[in-house]
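Accompanying notes for the structure given below.
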Amino acid sequence: MYVRKEECPERIRKGNGKREVYMTKKLVYSGIGAALVCVLTLFPQIPLAFGYMNLGDALIIILSYLLGWWAVPAAAIGSTLADLFMYPAYAPVTLVIKGCMAAVMAALFSLTGENPEKKLKAVCFIAPVLSEAIMTTGYFLYEWALFGLAPATANLIYSLLQAAASLVLGFLLLAIFIKRDLRKKIFSGKKHE
């Protein structure tokens, strides 16, 4: 996957081999993120009518902020692996929905650029809300096709609860990551105390 010039800090754009290190870090964090999404989707979980409530979406919000486009495979693969363990019928649609969620957030977070102070507040609210709307709508349509309108509508309430819980936790974590400027610290290559 190619990293756009705007996504690399200035010191990496100038060359001297650090761009490869930067991309390797993103790839490694994406793999770790996929594993963590899988684990947080499986444990802890609260059973719902057709699925379960979990913490995986909150992590997808954070990964989308930290990794940008590299969060797409982490979200899609991690969530799909969890569904393969618990609800295999949902795995194909989960791959698409979670990938779309991360892609939308990554695209919106990339609009903030290097100096995100003014834009970031609005984007940090809009991006996760839009991605959770994608999740809720996607699963509703899938369940409607599989089970019919009445069961899909009944499960919509639980999907909205899942989305709300993910948004609250995601917003709290996002605020901490932004306040401490962790995205820059993680990818700067310097050791921080």
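At a glance:
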{"quantity": "Any pair with Cβ under 9 angstrom, 6 or more apart, that starts in the stretch 120-131 at a residue that is without any contact (Cβ under 8 Å) to a residue 40 or more places away in the chain and within 18 Å of ARG180 (Cα to Cα) and ends at one that is open to solvent by 10 Å² or more (accessible area, probe 1.4 Å) and not hydroxyl-bearing (Ser, Thr, Tyr)", "calculated": "LYS121/ILE178; VAL123/LEU108; VAL123/LEU111; VAL123/PRO116"}
{"quantity": "The stretch 30-65, residues that are surrounded by 20 or more Cβ atoms within 10 Å (Cβ to Cβ) and under 17 Å from ARG183 (Cβ atoms)", "calculated": "SER30, GLY33, ALA58, LEU59, ILE60, ILE61, ILE62, LEU63, SER64, TYR65"}
{"quantity": "Every residue from the stretch 135-155 that is open to solvent by 50 Å² or more (accessible area, probe 1.4 Å) and over 18 Å from PRO88 (Cα atoms)", "calculated": "THR137, LEU149, ALA150, THR153, ALA154"}
{"quantity": "Check on LYS121, under 18 Å from GLY170 (Cα atoms), charged (D, E, K, R) and open to solvent by 30 Å² or more (accessible area, probe 1.4 Å)", "calculated": "yes"}
{"quantity": "Residue in the stretch 138-155 that is of a type in the set (A, V, I, L, M, F, W, C), under 22 Å from ALA102 (Cα atoms) and either in contact (Cβ under 8 Å) with a residue 60 or more places away in the chain or touching a strand residue (DSSP E or B) at 6+ places or on another chain (Cβ under 6 Å) (or both) present", "calculated": "no"}
{"quantity": "Some residue of the stretch 157-180 being farther than 20 Å from ILE46 by Cα, assigned to a helix (DSSP H, G or I), of a type in the set (A, V, I, L, M, F, W, C) and in contact with a Phe, Trp or Tyr (Cβ under 7 Å, 6 or more places away or on another chain)", "calculated": "yes"}
{"quantity": "Flag for LEU81 being in contact with a Cys (Cβ under 8 Å, 6 or more places away or on another chain) and either among the charged types (D, E, K, R) or buried (at least 18 other Cβ atoms within 10 Å of the Cβ) (or both)", "calculated": "yes"}
{"quantity": "Matching residues, the stretch 66-93, being among the hydroxyl-bearing types (Ser, Thr, Tyr) and within 15 Å of LEU55 (Cα to Cα)", "calculated": "SER79, THR80"}
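Residues checked against (1) outside any helix (DSSP H, G or I); (2) under 17 Å from PHE109 (Cβ atoms); (3) modelled with pLDDT of 90 or more; (4) not aromatic (Phe, Trp, Tyr):
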| site | (1), (2), (3), (4) |
| --- | --- |
| VAL3 | yes, yes, no, yes |
| THR24 | no, no, no, yes |
| LEU27 | no, no, yes, yes |
| ILE61 | no, yes, yes, yes |
| TRP70 | no, yes, yes, no |
| ALA74 | no, yes, yes, yes |
| ALA89 | no, no, yes, yes |
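The values are calculated or read from the model by the stated rules, or taken from the named source; none is laboratory data. None of these values were measured; they are calculated from a predicted model. Note that each Cβ is placed from the backbone with ideal geometry, even for glycine, and that neighbours are counted across all protein chains shown. For accessibility, only protein heavy atoms count, side chains too; no ligands or nucleic acids. Shrake-Rupley method; radii C 1.70, N 1.55, O 1.52, S 1.80 Å.
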